[in-house]
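Coordinate-derived values only; no laboratory data. These numbers come from a predicted model, not from an experiment. Ideal geometry is used to build each Cβ from the backbone, glycine not excepted, and the neighbour counts take in all protein chains shown.
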Amino acid sequence: MTALTAPTDTRSTLDVERLSTRFGLAFPLSQVVVMIVMALLVLPNAGSPDDPPLERGARMLEGASAYKIGNFVFMIAGTLLLGFLGAVHLRLRRADGTGVLATVAVAAGTLLALIWPLAAVLHDVTVEAASAGGDLATFAGWDAVAPFSLSFSVLPRVFFIGAVVLGLRAENVAPGLRRMGLVLIAISLVGSATLVAGGLFPVLALSTLGFDLWLGALAWHWLRRA
């Protein structure tokens, strides 16, 4: 006669939803810290945008190590957003049973997590090329890859914010976050025109900082409601 044993519960006691939501706090915090450090310690190596390209390229080449370290940290900080997308998917599936909002938000969030870090990789390629004797004027011109990539990232950002705002509206919660999300969409769209009008970069930078703060507030809201 075979003895019967009770099935073992192999489910993890780890709260993966809360863990994923905490990435929503880690991402904006790391982004803001890295941007401040880059602005204080790395970007001054390039001098003024009005300086002659050859002079700017030579100065940037002198600070090549600082650029590489900064780009590496930017890649790490940017990809932290991927950890938050699990909570985003779960929350929006609860708010919208069709899964449409969750799909749009995860797809847009994935692009957001990749576009700007990819710009850091491309900039590293130009650093290597300049170090090997490449044209310094071209190297200086490649410094625009960061703001241009950030402008491009605004487009998936708009879809990400829009999907989350609709999810919050479906649950009839967080009216402040919903209103701020709509304002961010408008400001972000204006900032995206930095690709054709460089003078709009301050608007782009402001919308990026606003998005980081909004995302952190969203993660905190979900943590409190978990």
Compare the Cα positions of Ser149, Ile161, Asn71 along the charge dipole of the chain (+1 at Cβ of Lys, Arg; -1 at Cβ of Asp, Glu; about the Cα centre) and return the one farthest towards the positive end.
-> Ile161
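If the convex hull of the alpha-carbon atoms of the chain is projected onto planes in all directions, what is the mean projected area in square nanometres?
17.4
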Span from the the stretch 26-53 Cα centroid across to the the stretch 159-226 one, whole angstrom | 22
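Give the relative contact order (percent, whole number) for the stretch 17-225; include only Cα pairs under 8 Å separated by 6+ residues.
Details: 274 pairs, mean separation 53.5, N = 209.
Relative contact order here is 26 percent.
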Across 5 Å bins from 0, what is the distribution of all Cα-Cα pair distances for the stretch 115-226, in whole percents?
-> 2, 11, 18, 18, 14, 12, 9, 6, 4, 3, 1, 0
HN-Hα couplings for the stretch 160-165 via Karplus (6.51, -1.76, 1.60; θ = phi - 60°), in whole Hz with x for Gly/Pro, come out as 4, 4, x, 5, 5, 4
Using all Cα-Cα distances in the stretch 60-185, what percent lands in each 10 angstrom bin from 0 up to the longest?
-> 13, 34, 25, 16, 9, 2
Using the Cα centre as the reference, give the magnitude of the dipole from point charges on the C-beta atoms of the stretch 17-225 (Lys, Arg: +1; Asp, Glu: -1; all else neutral), rounded to the nearest 20 debye.
-> 1220
Once Leu182 and Ile76 are pulled to full extension, the length gained, defined as 0.36 nm per residue separation minus their Cα-Cα distance, is 35.3 nm
Between helix 16-37 and the chain: long-axis angle, C-alpha atoms, 0 to 90°, nearest 10 = 10
Output ³J(HN,Hα) for the stretch 149-156: one whole-Hz value per residue in order, computed from phi by the Karplus curve 6.51 cos²θ - 1.76 cosθ + 1.60 with θ = phi - 60°, and x for Gly and Pro.
-> 5, 5, 4, 5, 5, 4, 5, x
